[in-house]
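Presented below is the structure to which this report refers.
The values are calculated or read from the model by the stated rules, or taken from the named source; none is laboratory data. Remember, it's a predicted structure, so these values are computed and weren't measured experimentally. Every residue, glycine among them, receives a Cβ derived from its backbone with ideal geometry; neighbour counts consider all protein chains shown.
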Amino acid sequence: MENESPFRKVDARRYQAGQWSDVALTVAAEVPVALVYNGISHAVMMVSPVDLEDFALGFSLTEGIVEQVEEILDIEVGSVSCGGEISITLTQRRLAGLKDRRRSMTGRTGCGICGAESLSSAIRPLSGVVGDFSVEPAFLIEALAQLDSRQDLRKATRAAHAAGWATAQGLRLWREDVGRHNALDKVIGAGVKEGLPAGDSAMVVSSRCSFEMVQKTVAAGIPILAAVASPTALAVELAEKWGLTLVASLRPDGFNVLTHPRRVLAPA
């Protein structure tokens with residue numbers, strides 16, 4: 001079943017202004033989902049149980065399991081009400097590559113990066129992003145406002161992140177999840193399915209920007225990443241190396257551009 005409710009209701013006791021009362025709270029659902037490639041279990045991720053086909057596609061692309069969507073022959077999402085499985089069928093060439101990669105790994109965690117034997121295997125060699133796509137400052141501020149208005153899970157629970165794919169026409173797609181990496185993978189998967197032009201797009205995220213967020217954005221071929229919070233030093237270093245325009249501390253009244261500022265232009 002592709003979509004379960006991302007919400008759960010729980011009972012609680014509230015203490016406020018010196019008084020106790022019984023309340024019902026809305027909390028974010030979080031379930032374990034196994035990503036299984038051609039019958040081989042590769043990772044178990046904790047996710048919001050929605051948009052799971054998008055997640056499987058985006059994860060496969062941004063983690064370098066496939067290079068092209070055509071290398072995925074099928075995605076089948078099982079029931080995930082209490083945890084479930086996504087079965088992904090790869091071409092034989094890609095399956096062989098995945099098996100080779102697994103031999104060099106000691107484990108996996110929810111970040112999708114930890115467990116690699118060395119830094120060189122954790123940070124994959126990427127060709128970087130190129131192109132002259134550029135935006136005005138107002139474009140990023142408006143994309144943030146549009147993303148903020150669409151974060152239903154966050155508004156209900158205060159426990160979710162969002163990622164939005166914006167083109168020259170504005171915010172085109174958005175996804176939410178309890179994990180920031182998952183939200184990014186979901187919207188990348190959705191954008192690839194929709195055929196959005198990666199090279200003429202910007203990604204806006206509601207979280208801090210770690211190096212994994214930079215790596216996933218570059219792997220998707222998107223030249224601009226804008227985050228509401230601050231980046232890590234490694235995120236800045238890799239964004240510079242890979243040609244990514246990294247924007248941080250995005251707010252309604254401004255932001256910081258840390259790398260490749262040529263893509264964020266002053267208004268004419």
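Only a single item in (1) under 16 Å from the mean Cα position of the chain (by Cα); (2) of a type in the set (S, T, N, Q); (3) closer than 21 Å to residue 131 by Cβ is not met by residue 206, and it is number (3).
Using the structure shown, decide if residue 80 is under 24 Å from residue 151 (Cβ atoms), among the β-branched types (Val, Ile, Thr), free of Cβ contacts under 8 Å to residues at least 24 places away in the same chain and not assigned by TED's automatic domain parsing to the domain that holds residue 154. Judged against the criteria, residue 80 is not a match. Of all the numbered requirements in (1) more than 15 Å from the chain's Cα centre (by Cα); (2) farther than 15 Å from residue 129 by Cα, residue 188 misses one, and that requirement is (1). A single member of 21, 5 is under 24 Å from residue 152 (Cα atoms), surrounded by fewer than 12 Cβ atoms within 10 Å (Cβ to Cβ) and either in contact with a Phe, Trp or Tyr (Cβ under 6 Å, 6 or more places away or on another chain) or polar (S, T, N, Q) (or both), and it is 5.
Filter the range 136-147 down to the residues that are touching a residue at least 40 places away in the same chain (Cβ under 8 Å) and either more than 20 Å from residue 245 (Cα to Cα) or not charged (D, E, K, R) (or both) and list them by number. 137, 138, 139, 140, 141, 143, 144, 145, 147, listed by residue number. Scanning the range 71-99 for residues that are assigned to a strand (DSSP E or B) and not β-branched (Val, Ile, Thr) yields 73, 74, 76, 81, 83, 84, 85, 87, 90. Among the residues of the range 62-70, is there at least one that is modelled with pLDDT of 85 or more, of a type in the set (Val, Ile, Thr), assigned to a helix (DSSP H, G or I) and outside the structural domain of residue 188 (by TED's automatic domain parsing)? For the range 62-70, residues modelled with pLDDT of 85 or more, of a type in the set (Val, Ile, Thr), assigned to a helix (DSSP H, G or I) and outside the structural domain of residue 188 (by TED's automatic domain parsing): present. Residues in the range 232-245 that are under 13 Å from residue 126 (Cα atoms) and part of a helix (DSSP H, G or I): 238, 239, 240, 241, 242. Only a single criterion out of (1) under 24 Å from residue 161 (Cβ atoms); (2) under 21 Å from the mean Cα position of the chain (by Cα) is not satisfied by residue 68, namely (1).
Picking from residues in the range 173-209 that are without any contact (Cβ under 8 Å) to a residue 40 or more places away in the chain and of a type in the set (Lys, Arg), the one that is surrounded by the fewest Cβ atoms within 10 Å (Cβ to Cβ) is 208. Among the residues making up the range 24-40, those that are closer than 24 Å to residue 89 by Cβ and surrounded by 12 or more Cβ atoms within 10 Å (Cβ to Cβ) are 31, 32, 33, 34, 35, 36, 37, 38, 40. If you check residue 241 against the conditions, is it at pLDDT 95 or above, on the phi < 0 side of the Ramachandran plot, buried (at least 24 other Cβ atoms within 10 Å of the Cβ) and of a type outside the set (Phe, Trp, Tyr)? In short, no.
Considering the range 73-90, and only residues there that are more than 19 Å from the chain's Cα centre (by Cα) and modelled with pLDDT of 95 or more, the residue that is surrounded by the most Cβ atoms within 10 Å (Cβ to Cβ) turns out to be 90.
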